[in-house]
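All of the numbers you see were taken from the coordinates with simple rules; none came from a lab. Just so it is clear, the model here is predicted, and its values are computed rather than measured. As a convention, Cβ positions derive from the backbone with ideal geometry for all residues, glycine included, and neighbour counts pool all protein chains shown.
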Amino acid sequence: MHINSILTNIYFIFSRYGKIKNNKEMIEITNSTLNKFILVTRAVLIAAIGMVFPPAFLFLPAIFVGEAISGGVMNAFSLFFVANALLTMISLNYAIIVFTLFGPMILVFHWMMHKNYDQNSTVVLAAVMFFISIFVTSYSYGVSPEMLKSKEVLESFIQIQNNMSIEKLSTAEWTMLYNRSLQLMPAMLVIISLLLSYVTYHLSIRKLILKQGLKLNYQPFIYFNLPKGILFVGAFSIAVLYSFGDILFESPNLVIENLILVFSSILFLLGMSVIMFILNKIKAGRFIKILVTLFGFLVPGAQFIFIAMGILDNIFNFRRLA
């Protein structure tokens, strides 16, 4: 009795439909409203967890991208707005940040997928939009390179790390670590944007295929590939920067390091995709796949094996040969 009462109240809050005509319509509308309520609740919980565990945000945009494709972009964006309105109970600024970071990305995903663009174009364009949103949001809140390099921010960082860390480092060591993080931050933001975009695309597609039964162009991770010219572009860019970087940039070596980090991370994922494909071919168990994944991420030096595998696959395309 109490459950029916709750569902009815949820219906009157969220429903945009007219007067209920019969019990069947009541059930359909109530189920639809309940699904929307669960969707919004899940999004709010993920965003709340993201405050202390940022990787949780990997699962946020996919909730609304899938809804935008199946239920319409206006419906999905209204639910996204409701979720952010509820986040204002935690912090108004936090809700605004979440909205400005992920809102444009959701719209780009909907437009690209609705127009049936290929996977790589969709992922890259959505990643570019998220990357731009990071800078727009940061600058709107006064976060700039000059501010990050300030003495006050550095001192706050060292104090927080000393309070949180079990192993104490000297001020000089923390300063070196912080400055190094700032130097590689552009590459890290690019990698995060691409990873978030890729995860969002695949979670959205899988949801639409499994739950909606839609026929969509879907390329599982084991078939992840890169354009043939990616190695040439990377090598050519690094060669140009190495030769003429002093003319173009104040610190060309830092630009080269960021480029190498981005390309090596992409090739690492490509190599992992190839290895997962091989394990799938030999019908390896899930435990073995998890073990190999942990090996690639956690064991020092293992990353070079995966990167080398990615380079070779981009040249020879092992999976087509298989």
Practice task
Scan the range 66-153 for trypsin sites (Lys or Arg not before Pro) in coil per DSSP, keeping those whose Cβ has at most 10 other Cβ atoms within 10 Å, and list them by number.
Solution key: K115
Handout entry: Cα→Cβ-extended label distance, 7 Å offset, between Q161 and Q219, nm
Key = 3.9
Practice task
Please work out the FRET efficiency for the pair L34 and M74, using the Cβ-Cβ distance as r and a Förster radius of 25 Å; give the result to the nearest 0.05.
Solution key: 0.80
Handout entry: Estimated dipole of the chain in Debye, rounded to 20 [Cβ of Lys and Arg +1, of Asp and Glu -1, Cα centre]
Key = 1540
Handout entry: Highest-first arrangement of 227-240, 97-110, 56-69, where packing means the average Cβ count within 10 Å
Key = 56-69, 97-110, 227-240
Practice task
Find, to one decimal place in angstroms, the Kirkwood hydrodynamic radius of the chain, where the mean of 1/r is taken over every pair of different Cα atoms and then inverted.
Solution key: 22.8
Handout entry: Between helix 119-140 and the chain: long-axis angle, C-alpha atoms, 0 to 90°, nearest 10
Key = 90
Exercise for the section: Mark the label point 7 Å from the Cα of T41 along Cα→Cβ and return the residues of the range 48-69 whose backbone N is within less than 19 Å of it. Expected result: 48-50, 60, 63-64, 67
Practice task
Just name one of S133, L184, N120: the one whose Cα is farthest towards the positive end of the charge dipole of the range 120-215 (beta-carbon charges, Lys/Arg +1, Asp/Glu -1).
Solution key: N120
Practice task
Compute the length gained on full extension between H114 and L254: take 0.36 nm times their separation in residues and subtract their Cα-Cα distance, giving the result in nm to one decimal.
Solution key: 46.5 nm
Handout entry: Chain lengthening between V124 and T137 when straightened (0.36 nm per residue, less Cα-Cα)
Key = 2.7 nm
Handout entry: Cα-derived Rg to Rh of the range 220-321, Kirkwood definition
Key = 1.08
